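Beneath this line is the structure, given in structure tokens, with notes to follow.
The numbers here are math on the coordinates, done by the rules we state, and not lab data. These numbers come from a predicted model, not from an experiment. Please note: Cβ atoms are built from the backbone with ideal geometry, for glycine as well, and neighbour counts cover all protein chains shown.
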Amino acid sequence: MGDGATVIGVKAVDGVILASERRLSYNGFILSKSARKVYAITKHIGAAFAGLYADTQTLVKMLKAEAQYYKLELGRDIPVRALAKVLSNILYSYKLLPFYAESIVGGIDDKGPHIYILDPLGSLIEDDYAVAGTGGPIAIGVIEAEYVKDINVKKTKEIVIKAMKAALKRDAVSGDGIDVLIITKEGCKLEQIPFKR
């Protein structure tokens, strides 16, 4: 089980930024310094997860399969809310033996950019920004202080990196760099940013 993680999702007027740190730990031991916790699910939708690493990898595979099935069946890309709802249904259907994961789904579609946060039982909330994991309480303070409604992707990325660095400095089980997924109408772009305390 992964002891800690910090994941962030923030909506801009022209896209979405999802970010995570790269440390995978168990019982205070660092198992990996290059664990991926943010994923491109489709060309315009991504997801970030904090929780049990095996569970999050399973959820990613399920989401990718559902998104591909939707496109095959209907001939168009799945909207962001529809994919978030699929994840909500998956999580709720396993409520008796739940996936140990907090999830953020973000992306851009015909209705614009969206961010959704889900708990392990599938509660679904849309918001302008969301954080999850052990470093979340630290990161949210930075985002709330600097976020404005008409922010663009470039400025959003700067705020997200600043929030993630603040969390990494203060949360012992988060660390070893930052993965940033930038989602715009052009598609998803993953950037890796090194970080040392």
Which label in (i) 11.1; (ii) 10.2; (iii) 12.1 gives the computed mean projected area of the Cα convex hull in nm²: (ii)
Neighbourhood charge, 12 Å Cβ-Cβ cut-off, centred on Pro98 and excluding it, Lys, Arg +1 and Asp, Glu -1: -2
If you keep only loop residues by DSSP, which GluC sites (Glu not before Pro) in region 105-197 have at most 15 other Cβ atoms within 10 Å of their Cβ? Glu186
Proximal aspartates and glutamates to Lys185, defined as alpha-carbon separation beneath 16 angstrom and excluding residues fewer than eight positions away on the same chain: Asp14, Asp77, Asp109, Asp110
Which of the residue pairs Lys64/Lys157; Lys33/Lys165; Lys85/Lys162; Lys61/Lys165 have a Cα-Cα distance greater than 23 Å in the structure shown? Lys64/Lys157; Lys85/Lys162; Lys61/Lys165
Just to be sure I understand the model, the point goes 7 Å from the Cα along the line to the Cβ. What's the resulting Tyr94 to Ile193 distance in nm? 3.0
Region 4-102: which GluC sites (Glu not before Pro) are DSSP loop and have at most 14 other beta-carbon atoms within 10 angstrom? none
So if we plug the beta-carbon distance of Lys61 and Asp128 into 1/(1 + (r/R0)^6) with R0 = 35 Å, what FRET efficiency do we get, rounded to 0.05? 0.75
Positive end of the dipole of region 75-152, charges at C-beta (+1 Lys, Arg; -1 Asp, Glu), about the Cα centre: which of Leu97, Ile140, Gly112 has its Cα farthest in that direction? Leu97
